[in-house]
1. Could you look through segment 14-47, keep only residues that are aromatic (Phe, Trp, Tyr), touching a helix residue (DSSP H, G or I) at 6+ places or on another chain (Cβ under 7 Å) and assigned to a helix (DSSP H, G or I), and pick out the one that is surrounded by the most Cβ atoms within 10 Å (Cβ to Cβ)?
2. Given the criterion of a type outside the set (S, T, N, Q), touching a residue at least 40 places away in the same chain (Cβ under 8 Å), crowded, with 24+ Cβ neighbours inside 10 Å and assigned to a helix (DSSP H, G or I), identify the matching residue among Val155, Val159, Val146.
3. Pairs under 7 Å by beta carbon, first residue under 15 Å from Phe243 (Cβ atoms) in segment 357-379, partner among the small types (Gly, Ala, Ser) and assigned to a helix (DSSP H, G or I), six or more apart or different chains?
4. What do you reckon, is Ala126 under 18 Å from Ala16 (Cβ atoms) and either in a helix (DSSP H, G or I) or at pLDDT 85 or above (or both)?
5. Are there any pairs with C-beta distances below 6 angstrom linking a residue in segment 67-91 that is crowded, with 20+ Cβ neighbours inside 10 Å to a residue that is among the charged types (D, E, K, R), with the two at least 6 apart or on different chains, and if so which?
6. (1) under 20 Å from the mean Cα position of the chain (by Cα); (2) at pLDDT 90 or above: which one isn't true of Val158, the others all being true?
7. Taking segment 263-310 as the region of interest, how many residues are modelled with pLDDT of 95 or more, within 16 Å of Ala227 (Cβ to Cβ) and among the small types (Gly, Ala, Ser)?
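The values are calculated or read from the model by the stated rules, or taken from the named source; none is laboratory data. Everything numeric here is computed off the predicted structure, so don't read it as measured data. Cβ placement follows ideal geometry from the backbone for every residue including glycine, while neighbour counts extend to all protein chains displayed.
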Amino acid sequence: MSTTSPGTRNRLGLWALTATHAANDFYTGAVAALLPFFVLHAEYSYAAVAGITLAATALSSVAQPMFGYLSDRYGMRWMSLAGLLAAGAGIALSGIVVDSYAAVWIVVAISGIGVAAYHPAATMEARELGGGTSGSMSLFSVGGNVGVALAPSAVILVVGTFGLSGSGFLMIPAVVLGLVHVLVSWKHLFSRTVATERAPAAAKASIPDDWRAFAWLTAVLATWSVAYVGTSTFISLYSIQRFDVTTGFASIALSVFPAAGAVGTLAGGWLADRFGRLRIVRTGYLLAAVSAIAIVLAPSPVIVIVAAAVLGTGLFLPFAAQITLSHSYLPNRIGMASGVTLGLTLSLGGLVSPLLGSIADHTSVQSVFVIVAVLLVAGFALSFILKERRSGPVQSFQQQNESSELESAND
């Protein structure tokens, strides 16, 4: 008989899941980190590299809510592992097929679908392991920040050493951390867990879904999405174009942005549990708007780096709070809420990214950050429409299985 307590197993599982989140979102960061190399070595235009960002997010925007529905309906936890491996495979192939823009677009799209498949199932598991608190969700979320932050350095190391054809080495995080996830959580990954759609009718009826509140949260997230993807895509190119710095120096801002986001995510989850989610959401958007304006007005590339750090902190302060708010608005559709919430944080921004690229081609990259600043001000204003709502208690895996067994006995 195992002497490991359920609480210890849950903590270990949450940490392992957080590590896979780092690996999964590493590939999101790798897309942005590869863009300057596509411009400099493959001679892609700004519009073309923005199209690659679109490839990473276009199908994801449709697929992620679908994967969320499947997680709600069937409890398909293994999708987190399959998504992670697909995300890694797409990016690993992108540099190898760089001579064909269409091939790059396709493999990056496959990576985006993998990212989409990962998030709903993994977020549902993180919610159950952490009891649904903003603090536990911030720990899971910060894994994504860490992965994105590590991507530029890893891409520069790999591409600088082996060229774009060496991108296959970028598959390593998916394989290693995917294996760790299997070793720690194999019982949950490959067993059929109790899905939301199968929850007892009385429990579902006690807390109805609030689609109106969820729609307003989606509108706020839309501004977040464009600001995040626009910054990730263009912050390095902005420093290169405006201050004529090297690719290596420009990538500092791209690394600092998600690293500061990790700090913001952890702090935001802790603060949201203590001072209220809505206060943290509004504070984050205001701080992000001010820092985006600072990037536009920056007199030197060093100021851009500092402002990018503040922007990352501000953008990610509300991140965990927004996820738990979505769960409280749709308590009977956690997978769908996660799919839309997490999908929208990348998908809409990716869809708009080619337009931002076209604006940058015809004016300057600075114009992109003017748009980012305006959208963040709009997000701050819309956040005052949101309302607080508490959801019911979150069942652990053991409680879910006991409920399932009881239902089967009653049947």
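1. Restricting to residues being aromatic (Phe, Trp, Tyr), touching a helix residue (DSSP H, G or I) at 6+ places or on another chain (Cβ under 7 Å) and assigned to a helix (DSSP H, G or I), the top hit is Tyr27.
2. Val155
3. From segment 357-379, the pairs are Phe369/Ala292.
4. Taking the combined requirement at face value, the residue satisfies it.
5. Note: pairs meeting the criteria are Asp72/Glu197; Asp72/Arg333; Gly75/Arg192.
6. In the conditions (1) under 20 Å from the mean Cα position of the chain (by Cα); (2) at pLDDT 90 or above, Val158 misses (1) alone.
7. Residues meeting the conditions: 9.
Results for (1) at pLDDT below 85; (2) over 14 Å from Phe234 (Cβ atoms), shown as yes or no for each residue.
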site: Gly7; (1), (2): yes, yes
site: Asn10; (1), (2): yes, yes
site: Leu35; (1), (2): no, no
site: Phe38; (1), (2): no, no
site: Glu43; (1), (2): yes, yes
site: Ala47; (1), (2): yes, no
